[in-house]
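Written below as C-alpha cells is the structure these notes are about.
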Amino acid sequence: MKLDSKIPNGPLDKKWSDYKNHIKLVNPANKRNIDVIVVGTGLAGGSAAATLAELGYNVKAFCYQDSPRRAHSIAAQGGINASKNYQGDGDSVYRLFYDTVKGGDYRAREANVYRLAEVSENIIDQCVAQGVPFAREYGGLLDNRSFGGVQVSRTFYAKGQTGQQLLLGAYSAMNRQIGRGKIKMYNRHEMLDIVLVDGKARGIIARNLINGEIERHSAHAVVICTGGYGNVFFLSTNAMGSNVTAAWKAHKRGAYFANPCYTQIHPTCIPVTGDHQSKLTLMSESLRNDGRIWVPKKMEDAIAIREGKLKPTQIAEEDRDYYLERRYPSFGNLVPRDVASRAAKERCDAGYGVNSTGEAVYLDFASAIERYGKEQARIQHLDENDAKLVYKLGKDVVENKYGNLFQMYEKIVDEDPYTTPMMIYPAVHYTMGGLWVDYNLMSTIEGCYILGEANFSDHGANRLGASALMQGLADGYFVLPYTIGDYLANDIRTGAIPTDLPEFAAAEKNVRDIIDHLMNNKGTHSVDHFHKKLGKIMWDKVGMARNAKGLTEAMDEIAELREDFYKNVKVSGTAESFNQELEKALRVADFLELGELFAKDALHREESCGGHFREEHQTEDGEAKRDDENFAYVAAWEYKGNPREAVLHKEDLVYENIKLVTRSYK
Amino acid sequence: MNLTLKIWRQKNAKEKGQMVDYKISNVSPDMSFLEMLDVLNNELIEKGDDPVAFDHDCREGICGMCSLFINGEAHGPDRGITTCQLHMRMFKDGDTIYIEPFRAKAFPVIKDLVVDRTAFDKIQHAGGFVSVNTSGNTQDANAIPIPKHDADRAFDAATCIGCGACVATCKNSSAMLFVSAKVSQFALLPQGKVEAAERVLNMVNEMDALGFGNCTNTGACEVECPKGISLENIARMNREYLKASLK
C-alpha cells in the first residue's frame, strides 16, 4: 500500500479553507442515522465527541476511568499556544507554524502544522465562550506567558492547571450532549480490539471493567484518541493507566505506526528517589520563564552537595554554572525540551549532578523572587532595598503564578522550593510518534481516525511546550468534525451496523483467547515485575541517548522478556469481575510488543533529530546531527505478525515553504 | 517503618464487607501512600492472595480518581492534597492505619476501596455547562473583558477535581460543595450568566434526586477538600438558588 497523505493542492495558507469548502457534507437528517465511536475522552476525544454530537451524529464514547473528566489531559500544567498576538510582540499564524516545524526538527508535515496554527485562535475563542477561566490581567484581558523554543509570548494559561481547565471545558460540552442523549457514555470500559468489516473500521470490542463482560459495539467510524505510549518506560509522567492498547490493536489490524522512536524526555521533572517509585511528576516548563537552571561549577562543590555537606544556597553566584545560559545565550533557559534534557544529562554524566543520586540539577527562583519583589515595591511605593520586604512581595507574585506546582514539589520532596532551589531531572513525558494519519486524520484503516497524541502528525521529532493541548483540541473541535463528514457522506444509506457479523465474533474470540491465557497461566511474577524490567531496558538502551549496539540488544531483550511474560506472569482474581491486575496485564502485553518496534525504529533512523539522539550522529560540541538527505521522511511501519518483522513505508516530507536548516538556539 | 494496616475488603457491590488486618514492613518515608499499597499488593499477588482494589490514575493530585478514607479522614491526615500525594513520612513506625472507602449512599462500593461516583457526572449532565456549540465563529476571546478578581474566583471554584472527599466527609453526605463549585464558576463569568437560573435549579434538583444529603454548615468539607474549595461557593449557590426560585 502506498502512503497517500492527501494534502490538498494550492498555496499553504489557502489549503484548509479551500478544502473545507469542497468536501462532502452530511445533511442533518442523515447525521441522525450515523453512529461514531470515540475511544478516549481527553482533550482530543472529549472535544471530538462533543462536537460530533452537536452536529447530530450518534456518538458512543469510551474511557477506562470512572469519569471522562479524569483523562490524563487533566494533568497538563503550563498552557496552550495560540497565535492571537494579543501581546503585539510580532506573533502570527506563520510564526507559530514556523516555530512548530523548527521545534520539531523538520520532521513534521507542513500542511498539517499550518492548519494547526490557523485554528489555534478559534480554540481560545471557543474555550472562553465555554467559560474556561484563563488567567487575566488587571485590565480584564487575557494574559500570556512564554514557553521553550519561541521568542514571543503566545501561551494562554490557567495557573499551573491549564489542562484541567481545558479538559473540564470539553467535559462540560460532552455533558450537555450526554444529557441530550446524543452521546452515550461508557465509563470504566477499555477497548481491546477494533473490528473491520470489508476493510472498514466498523466497531470495537470493549471490556466492561466493573463486571468483566466482553462487549461488541458497532459504528460507521471509529475515532481513537487514547494518548501516548510513554508508559512503555514504566516510569513516566503519564497516568498509571495510560496505555498503547487501543492504538496497538489498530496497528495489528492494519494501521501503520509512524516514528515510534520520537519520544519527548521532559527536562523538568522531580528526580527518582528509589525502587518503590511508581511514576514521575512533571514540574511545568512554564517554570523556566522565571527559574534559572544551574549546577555547581566546581567538582568539589558538587561532591559536597551529594554527600549532604553543602547546601545550594551556600554556593556563591560565581561558582554556579548556568549551563543553558552559557551554551545557548539567545534562548537561555527557554531552549526546547530535547535540548534542555540533553544538556542536563551532559552535566550529570560529567559528574556535576546534585541530589544523592547525582542525577539532578537545580531550578532556582531566587533571582525571579527578587526581580518581582523589587517591581512590586516600586509599584506600591515601598522600599526596594528592604530585602525581607522584597522577598515577601516577590514570593507572593511567584506563588500566584506557580503556587500549585510549588506545593506539589514540597509534598513530594519535603523541601521548600521558595527558599531552596528545586531539584529536577529529565523524565519520559510525551510521544510524538503514533499511528500514521493522512490530512483527514484517517489512518491506513479506512474509517479509523486517530486524534491527539495518539497520532504522529504535527510535532515532528520534538514537541514544543503548550502545543499538545493546542493539537488535541484542534483535532477534536476543528479538524475531525469536517473531515469525517467527507467520509461518512458515503454511509448515509448503510443503516446500523449489526454486531452479529462474523468479523465481530472473530475479534471477540481473539480478545477472549488472550484473557483466558493470562488468567490460566500458572506463573510466579506480578505484572509490575515485567513492566519494570521493560522500563529498565527502554530507559537504559532506548532513552535519552541511543546507539546501534544498545538498540540491537534492546530488541532481543524485549523479545525475550515478552516470551518470559507469557510463560511466567501471574494474574490473580477472575476475568468476570473487577480485576485491576488483568487490566494491567493486557496493557503490558502490548507495551512488550511496541517496545521492540520502538527500538527497531530508533535503530533504523541513522541520524539525530529532536528527541531521537543517536550517539553516532552528533557534532563536535555534542549537538544533534540531522541527515536530511537520507531521513527527511516519516517512517510508517506495517505490522507483519511480529514487531521485528514490521515493514517500513516512507512518506517523504516535502518542504515547500520552509527551508531546512540546522536548528540552532545559540 | 513497620505498619499494621486495617483495610476494608468487599468482594463486590452485593456482598458484605469487613476490615482485614495486614502487616507491612520496610516502608520508606519517601514512598507515597499508594506506593505503599502497591508494595502490599505485590506481596499479596506473589502469595496467591487477591490484591486490594483501589482507584488511582494520575498520581499527581489532579485527576480526582484516588479516594480512600484514612484514619477517619478523606485523603488522610495531611491537608490540601489527595491520597496519591500523601507520603509515608506523615506516619510513624509501629502505627496502625485504618483504610476505608469513601462512604455515602450515592457512592456504592464496587470492590474493596473502589466506589461508584457516577452520581457526580449525572449532576453535571443536568446543567454543568454553557450551551455553546463549536463553530469557530464565536466572538474574539478578548471581546468581553472580565475583571481579574472575578476571573480568579471563577478559577478557584473551577479547580474542583470531583473526587468526592466533601461527600465522604460530610455527616449528611451532602454534595453541596461540589455542586456549588460548578454553579459559582459559571455564575461569576459573563458567559455563564445567561443560563444561571436554569442551571442552579436543575443541578440542585438532580443532586437531591440522587440521594445526597443537605448542608448544615458544618464546614468539614472545606477542611478536607484537597483543592481548598471555599464554603463561600455554597453561600453563592444558595443565593443563586433563591434568586432563581423567585423568578
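What follows is calculated from the coordinates using simple rules that are stated; it is not laboratory data. Quantities reported herein were computed from a predicted structural model and do not represent experimental measurements. So basically every Cβ, Gly included, is an ideal-geometry build from the backbone, and we count neighbours across all protein chains shown.
Residues whose amide H lies under 5 Å from that of A:Phe613, counting only those 5 or more places away or on a different chain, are A:Arg546; hydrogens are built 1.01 Å from N in the peptide plane. As a proxy for reagent exposure, A:Trp248, A:Trp539, A:Trp436 were ordered by neighbouring Cβ count within 10 angstrom, fewest first; the result is A:Trp539, A:Trp248, A:Trp436. Residues A:Thr263, A:Thr162, ranked from the fewest to the most other C-beta atoms within 10 Å, line up as A:Thr162, A:Thr263. Under 15 Å from a label point set 7 Å out along the Cα-to-Cβ vector of A:Ala350, the amide N atoms of segment A:295-315 belong to A:295-303. Between B:Leu44 and A:Asp516, how high is the FRET efficiency from 1/(1 + (r/R0)^6) when r is the Cβ-Cβ distance and R₀ = 30 Å? Nearest 0.05. Computed FRET efficiency for B:Leu44 and A:Asp516: 0.85. If you take all other residues with their beta carbon under 13 Å from the beta carbon of B:Ala196, and give Lys and Arg +1 and Asp and Glu -1, the sum is +4. Computed from label points 7 Å out along Cα-Cβ, the spacing between B:Val194 and A:Glu446 is 4.1 nm.
The alpha-carbon of A:Lys14 sits under 15 angstrom from the alpha-carbons of these aspartates and glutamates, leaving out residues fewer than 8 places away in its chain: A:Glu110, A:Glu118, A:Glu656. Take every pair of alpha-carbon atoms less than 8 Å apart whose residues are at least six positions apart; their mean separation over the length of segment A:268-427 yields a relative contact order of 29 percent. By DSSP, what percent of the beta bridges with both residues in chain A are antiparallel, rounded to the nearest 5? DSSP beta bridges in chain A are roughly 70 percent antiparallel.
In straight-distance terms, cross-link reach from B:Lys16 covers every one of the lysines whose alpha-carbon lies under 19 Å from its own, apart from those fewer than eight places away in the same chain; here that gives B:Lys6, B:Lys105, B:Lys111. Under 1.5 on a/c is rounded, so check that first for the protein assembly as shown, then, if it is not, pick prolate when a/b is larger than b/c and oblate when it is not; a ≥ b ≥ c are the square roots of the alpha carbon gyration tensor eigenvalues. Rounded shape, in that the Cα axes give a/c under 1.5. Between B:Arg89 and B:Thr216, residue separation times 0.36 nm minus the direct Cα-Cα distance comes to 42.3 nm. Between B:Ile146, B:Ile24, B:Ile161, the GNM of chain B built on Cα springs shorter than 10 angstrom shows B:Ile146 fluctuating the most.
Normalising the average separation of contacting C-alpha pairs (under 8 angstrom, six or more residues apart) by the number of residues puts the relative contact order of chain B at 20 percent. In order along segment A:541-551, the phi-based Karplus estimate (6.51 cos²θ - 1.76 cosθ + 1.60, θ = phi - 60°) of 3J(HN,Hα) comes to 10, 10, x, 5, 9, 10, 9, 4, 5, x, 5 Hz; Gly and Pro are listed as x. Proximity of backbone amide H atoms, modeled 1.01 Å from N, is registered between B:Ile97 and B:Thr4, B:Leu5, B:Lys6 at under 5 Å, excluding neighbours fewer than 5 places apart on the same chain.
For segment B:41-57, backbone nitrogen atoms closer than 20 Å to the point 7 Å from A:His525 Cα along Cα-to-C-beta are found at B:41-49, B:51. Overall, the anisotropy analysis places chain B in the prolate class: the square-rooted eigenvalues a ≥ b ≥ c of its C-alpha gyration tensor yield a/c not less than 1.5, with a/b exceeding b/c. Summing charges over all other residues whose Cβ lies under 13 Å from the Cβ of A:Asp18, with Lys and Arg as +1 and Asp and Glu as -1, gives +2.
Within segment A:52-72, what residues put their amide N at less than 15 Å from the label point 7 Å along the Cα-to-Cβ vector of A:Thr494? Under 15 Å, as judged by backbone N against the label point of A:Thr494, lie A:57-60 of segment A:52-72. Modelled spin labels at A:Asn400 and B:Ser25, positioned 7 Å past Cα toward Cβ, are 5.4 nm from each other. Shape class of segment A:485-557 from the alpha-carbon gyration tensor: oblate, with a/c at 1.5 or above and b/c at least as large as a/b. In the protein assembly as shown, the calculated helix contribution to ellipticity at 222 nm averages -11500 deg cm²/dmol per residue, counting -39,500 (n - 2.57) for every DSSP H run with n ≥ 4. Over every Cα atom in segment B:117-246, the radius of gyration and the widest Cα-Cα span, Dmax, amount to 14.7, 47 Å.
Where Lys and Arg each count +1 and Asp and Glu each count -1, what net charge lies around B:Ala244 among other residues with Cβ under 11 Å from its Cβ? Net of charged neighbours comes to +1.
The A:Ala506 and A:Lys567 beta-carbon pair, evaluated with R₀ = 22 Å, returns a calculated FRET efficiency of approximately 0.25.
Largest mean-square fluctuation among B:Met19, B:Met203, B:Met65, in a Gaussian network model of chain B whose springs join Cα atoms under 10 Å apart, belongs to B:Met19. Taking other C-beta atoms within 10 angstrom as a stand-in for reagent exposure, B:Ser180, A:Ser341 fall in the order A:Ser341, B:Ser180, fewest first. For A:Ala646, the residues whose modelled amide H falls within less than 5 Å of its own, excluding neighbours fewer than 5 places apart on the same chain, are A:Lys640. Remark: the A:Ala29-A:Glu560 segment gains 185.7 nm on full extension, using 0.36 nm per residue and subtracting the alpha carbon distance. Taken over segment A:268-427, lysine pairs spaced eight or more positions apart, or on distinct chains, with alpha carbons under 24 Å apart number 24. What FRET efficiency would be calculated for the residue pair B:Glu15, A:His604, taking the C-beta separation as r and a Förster radius of 45 Å, to the nearest 0.05? Calculated transfer efficiency: 0.25.
Comparing Cα centroids, segment B:1-65 and segment A:580-634 end up 36 angstrom apart.
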